[in-house]
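The values are calculated or read from the model by the stated rules, or taken from the named source; none is laboratory data. Since we're looking at a predicted model, the values are computed, not measured. Because the Cβ atoms are built from the backbone with ideal geometry, glycine has one as well, and the counts that use them run over all protein chains shown. SASA here: full protein model, heavy atoms, side chains in, ligands and nucleic acids out. Shrake-Rupley method; radii C 1.70, N 1.55, O 1.52, S 1.80 Å.
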Amino acid sequence: TPAAPPPPPPGLSDADLTSLMDKVPPARQQSTTQAPNQAAGGAAGMELPSGEPLVKRKLGILNFLEGARLPPREILLLLVVAACDPYDAVSKRGEELQKKLCSTDGTRPAVNLEQEEGVLKDAFTLFHGNASGVTLNTAVPEGQRVQPASPAVRSRL
């Protein structure tokens, strides 16, 4: 029997990982061997971007989020995760956008956690996950259960 694939990265479900890997261009596929930075699960044969191309892609996503003028409650958790990125350029940009777009002015916070529907629930799911232990949510299909966030993201939350 083949070994079970490792769990997806923190904060992602199996379905999220498969969806992301399906978007990797075919030119990045490998035909014979599996590289150390390859994704597991249903994305066999797909190489994950790394180094400078990955940083450029992440910064492009952050710049898009800034230009899209989305409501702060929609992008708050994305910016929290970006601010914890191991790449310095990405984490600085994430922190900068978090302060700029989701700042908490004492009199008028951009995101009122007490009144915004779903923000606390999403933050709780990101922090604890729902894939195992006491936070196991059997109502969520197994492939869509989310792993708990990394320690860096948990400390920032």
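Test Asp85 against the stated conditions and say whether it is within 18 Å of the chain's Cα centre (by Cα), open to solvent by 60 Å² or more (accessible area, probe 1.4 Å), within 18 Å of Gly11 (Cβ to Cβ) and in contact (Cβ under 8 Å) with a residue 12 or more places away in the chain.
Judged against the criteria, Asp85 is not a match.
For segment 117-136, what are the residues that are open to solvent by 60 Å² or more (accessible area, probe 1.4 Å) and over 17 Å from Val80 (Cα atoms)?
Glu117, Ser132, Gly133, Val134, Leu136, listed by residue number.
Take the residues in segment 62-104 that are among the polar types (S, T, N, Q) and in contact with a helix residue (DSSP H, G or I) (Cβ under 7 Å, 6 or more places away or on another chain), then tell me which one is modelled with the highest pLDDT. Before the answer, list the steps.
Going residue by residue through segment 62-104, those that are among the polar types (S, T, N, Q) are 63, 91, 98, 103-104.
Still in the running and in contact with a helix residue (DSSP H, G or I) (Cβ under 7 Å, 6 or more places away or on another chain): 91, 98.
Working: Ser91: 95, Gln98: 88.
Among those residues, the one meeting the criterion is Ser91.
Restricting attention to segment 90-99, does a residue exist that is small (Gly, Ala, Ser) and without any contact (Cβ under 8 Å) to a residue 24 or more places away in the chain?
Within segment 90-99, the subset small (Gly, Ala, Ser) is 91, 94.
Checking which are without any contact (Cβ under 8 Å) to a residue 24 or more places away in the chain leaves us with 91.
Yes, because at least one residue in segment 90-99 is small (Gly, Ala, Ser) and without any contact (Cβ under 8 Å) to a residue 24 or more places away in the chain.
Arg145 passes all but one of (1) closer than 19 Å to Val55 by Cα; (2) crowded, with 20+ Cβ neighbours inside 10 Å; which number fails?
Arg145 satisfies every listed condition except (1).
Name the residue, out of Leu101, Leu157, that is within 14 Å of the chain's Cα centre (by Cα) and within 29 Å of Gly51 (Cβ to Cβ). Full working, then the answer.
Numbers: Leu101 fails: within 14 Å of the chain's Cα centre (by Cα).
Step by step, each of Leu101, Leu157 is checked, and only Leu157 is within 14 Å of the chain's Cα centre (by Cα) and within 29 Å of Gly51 (Cβ to Cβ).
When you look at Leu59, is it under 19 Å from Phe127 (Cβ atoms) and either under 14 Å from the mean Cα position of the chain (by Cα) or at pLDDT 70 or above (or both), yes or no? Steps first, answer last, please.
Details: under 19 Å from Phe127 (Cβ atoms): no; either under 14 Å from the mean Cα position of the chain (by Cα) or at pLDDT 70 or above (or both): yes.
Answer is no for this residue.
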